[in-house]
Amino acid sequence: MGTYIPHTKEDQAQMLSSIAQTWDSLLSTIPDNVRLKRELNLPDGLSEFEVFQIMKNYASQNVVFNTILRGAGAYDHYVPSVVKHLSAREEFVTAYTPYQSELSQGILQSIFEFQSMIASLTGMDAANASVYDGATAAAEAISMSYERGRRTVLLSNALHPETIEVIRTYVQELDVTIKMIELNDGQTSLDSLKEQLDESVCAVLVQHPNYFGILEDVSSIRQSITDSKVKFIVSVNPMTLGRLANPGSYGADIVVGEAQPFGLNLAFGGPYLGFMCTSDKYVRRLPGRIVGQTLDSEGQRAFTLTLQAREQHIRREKATSSICSNQAHCALTAAMYLSSIGPVGLKEVATQCANKAHTLARKLESIGYKLTYPHEFFHEFVTTTPVSTSLIESSLAKHGILSGLILDDKHMLWCVSETTSDQKLDDIVTMLAEVNHG
């Protein structure tokens, strides 16, 4: 528990006397007609012990599931103990942006290492850091894509719904047109894409695997974009890159995503870690923090913030982004996670996720849960359920299991990670078979 230091009336009077003679003189710059002429309507203060008891009561209302079968943008993975312990060391726990490179070599290097790992994983030339989350990264990628006379963006309807909402929020006051690409059995329709491509389009954004867990035909989508001024933006779950081809190999111009799977706990929704990567051609358009490697005056390896001229804190009138906060501790944690499991471990985690998800899909089909879409998937999939999804959710919750995400009364989006054992999957299927029979 942190230190609790209440201010007495005497403390307050002493502080007031050092900056003003009276309370009224302290407020003299505030117009009288906007001042509150009464005490704040707040309850009396409580003791530290009383506050602790209240907060403990609130905490007891949290439900902690022992098994999680839900993803949809936030994933339950095992985080090695070394990651938790190292990232919690006091020399790493700082949120301030390292503008003074001569005093910030450690934090700058940690960002540089994160950028290097993400760029390598995605097959791109450069990466940034300090983007709030995956949805923000997608919206920022759209902002990178505008060209003169080109202000139309094509979004796949298989993007995460919250990503679409964030993009719409970003562009609501801009001269930008959002058009949606229709789906074909849960997958982005190539015909719908081709029909909408014209000289007003600046970017096409798809998610791979998409919101329904389906693998998109990204190579065909890339081939459909024949205009060199149209950016192909791909949103990825970076954990899948332990098995799937990297976006650079199939011609992505900008790659974005949410790095939460890399060592960040679910944590009630945040803080998370968006990432952005691109080719050398567009690197000067990247927002956020970009750390470069250089040599100091003595010829030693050194690090510094670079390519910052387009940020809002320098050339504001020309800035395309107002990202200014610092997610460096989340980036540090992700880099520690990748370092601890290594390339072989990343491939193993991704393989287990995919294999276990396909195992559960087969077992669910055996008790009447039909796969809704006929396409290949990674570790998320949608089933049409024989009973109401709300009944499934409530029944599994009684056993400490968080079900898949309810899409509607008869469709559920399931997710399996390496944290769920094969025996547990068998137990879950047995439970669901009992639910089917009432």
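The values are calculated or read from the model by the stated rules, or taken from the named source; none is laboratory data. Everything numeric here is computed off the predicted structure, so don't read it as measured data. Counting neighbours? That spans all protein chains shown, and the Cβs are built from the backbone with ideal geometry, glycine included.
Brief remarks on what is shown
- Within segment 274-299, the set of residues being part of a loop (DSSP other than H, G, I, E, B) and surrounded by fewer than 22 Cβ atoms within 10 Å (Cβ to Cβ) comprises SER279, ASP296, SER297, GLU298, GLY299.
- Restricting VAL255, VAL230 to those that are within 30 Å of ILE406 (Cα to Cα), in the same structural domain as GLY123 (by TED's automatic domain parsing) and in contact with a Cys (Cβ under 8 Å, 6 or more places away or on another chain) reduces the list to VAL255.
- Answer residue from segment 119-129, given it is buried (at least 24 other Cβ atoms within 10 Å of the Cβ) and polar (S, T, N, Q) and is farthest from ALA319 (Cα to Cα) among those: THR122
Here is a yes/no grid of residues against (1) part of a helix (DSSP H, G or I); (2) within 30 Å of ILE406 (Cβ to Cβ); (3) modelled with pLDDT under 95:
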| residue | (1), (2), (3) |
| --- | --- |
| HIS313 | no, no, yes |
| GLU317 | yes, no, yes |
| SER340 | yes, no, no |
| ALA357 | yes, yes, no |
| VAL382 | no, yes, no |
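- Applying a threshold of 8 Å to beta carbon distances and a minimum spacing of six or more residues, or different chains, the list of pairs starting in segment 423-438 at a residue that is more than 11 Å from LEU360 (Cβ to Cβ) and ending at one that is among the small types (Gly, Ala, Ser) and assigned to a helix (DSSP H, G or I) reads MET431/SER395; VAL435/SER395.
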